[in-house]
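Values quoted throughout were computed directly from the atomic coordinates according to the rules given, and no laboratory measurement underlies them. Nothing here was measured: the structure is a model prediction, and the numbers come from that model. Please note: Cβ atoms are built from the backbone with ideal geometry, for glycine as well, and neighbour counts cover all protein chains shown.
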Amino acid sequence: MRNSNLLQSHIAKLRKRNLFWQSVGSQAVQDICQRIEKAYQLFFKHNKKGVRPPGFKKVKKYKSFTLKQAGYKFLSGNKVKIGNRIYQFWKSREIEGTVKTLTRKRTSLGELFMVIVVDDASNPDVEIKTGKIAGFDLGLKTFLPCSDGTKMESPQFFKQSLNAIKKASRQHSKKLKGSANRERARKNLVRKYEDISNTRRDWFWKLAHDLTNRFDVLCFETLNLKGMQRLWGRKISDLAFGEFLQILEWIAKKKGKQIVFIDQWYPSSKTCSNCGHVLEKLDLSVRKWRCPSCQSVNGRDENAAKNICAVGTSTAGLDDLRRTLSAIVV
Ligand SMILES: [Zn+2]
């Protein structure tokens, strides 16, 4: 018997005796057990790297629960029944496909959200519209250097709003603990953080639409976010690249475009995109270099983007597509 199952049957017994355990559905309890098991497995696997065991979490701090097949029912008119209560919701997009899980989330402002995961059977082929493939590097000076030489400047939303946050955070820490004023200041601070992430998300959607309009196939390096965070500190979270990729993947799927990921260990910066010569090493500070073999001058970002494009095209079995595409371009 698996440990999460043991825990589950123990809680099932508790549920019969204690009303508190009945405040969420049995499926949600099951989900909590699975989350705990997952956290422990991560801990056993990575404890040498400093991952700590899962700790006790207050009910107040618990932000979400997940239901699987049971415990909810969609009614007409944007209403959903969860447990014994009926909630009306605003639908941000149509629910397509079969519902796999339903997660309720509570933000720090006390707002409720419903996240629905669906199994989408449709799998559109890549439609050839623009006839273009592009590779993108993850830049720091520029947000997304593109293999065609264009650059998207990195928006420093966080920096701009940093002062507002500093102020709000100072206000918060000055207030007496447990007071109504402190709670108000906390909500104000949370709103400031939400402002940034909303502005950023908005910009991501626009950018994703722009890119998918310009290209049919978009190649990226898989991300080593943890490693990058260590290397570059807060800046990378500011750029929130992972969130952007999620949005882009969603839009690409909708529009029948393809996103290709190449191995992050491929030396995309050190390889000459003109002749394939690989440098021994290349410092992070070097923005431009001359290839010792073919003498061409490579701009760091654009060169990497070109390599990512080439590798992405060949590794994803897109050679046929590339031929078709270049036939169109020619
Ligand atoms: Zn070269």
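Considering the range 63-123 at the alpha-carbon level, its Rg and Dmax are found to be 11.9, 37 Å.
In sequence order, the range 88-105 has phi-based couplings of 9, 10, 9, 8, 7, 7, 5, 8, 10, x, 8, 6, 9, 9, 10, 10, 9, 10 Hz under the Karplus curve 6.51 cos²θ - 1.76 cosθ + 1.60, θ = phi - 60°, and Gly or Pro positions carry x.
Packing here is the average count of other Cβ atoms within 10 Å per residue, and on that basis the peptides 252-262, 194-204, highest first, run 252-262, 194-204.
How do 90-99, 270-279 rank on mean C-beta neighbours within 10 Å, highest first?
270-279, 90-99
Between residue 287 and residue 87, the distance separating the two model label sites (each 7 Å from Cα on the Cα→Cβ line) works out to 4.9 nm.
Which of the pairs 132/255; 48/166; 38/73; 57/174 have their Cα atoms more than 24 Å apart in this structure? Each step should come with its number before you reach the end.
Working: 132/255 14 Å; 48/166 35 Å; 38/73 27 Å; 57/174 26 Å.
The pairs that break the limit, which is 24 Å between Cα atoms, are 48/166; 38/73; 57/174.
Expressed in whole Å with the largest first, what are the equivalent ellipsoid semi-axes of the range 1-140 derived from the C-alpha gyration tensor as the square root of 5 times each eigenvalue?
Numbers: eigenvalues 216, 133, 50 Å².
That gives 33, 26, 16 Å for the three semi-axes.
Based on Cα coordinates alone, diagonalise the gyration tensor for the range 30-109, multiply each eigenvalue by 5, take square roots, and list the semi-axes in whole Å, largest first.
On the way: eigenvalues 201, 43, 29 Å².
Ellipsoid semi-axes (Å, largest first): 32, 15, 12.
What's log10 of I(q)/I(0) for the range 1-57 at q = 0.13 Å⁻¹, Debye sum over Cα points only, no solvent? Debye curve over Cα of the range 1-57, log10 I(q)/I(0) at q = 0.13 Å⁻¹: -0.39. Amide hydrogen proximity for residue 148: with H placed 1.01 Å from N in the peptide plane, the residues at 5 or more positions away or on another chain lying under 5 Å are 135.
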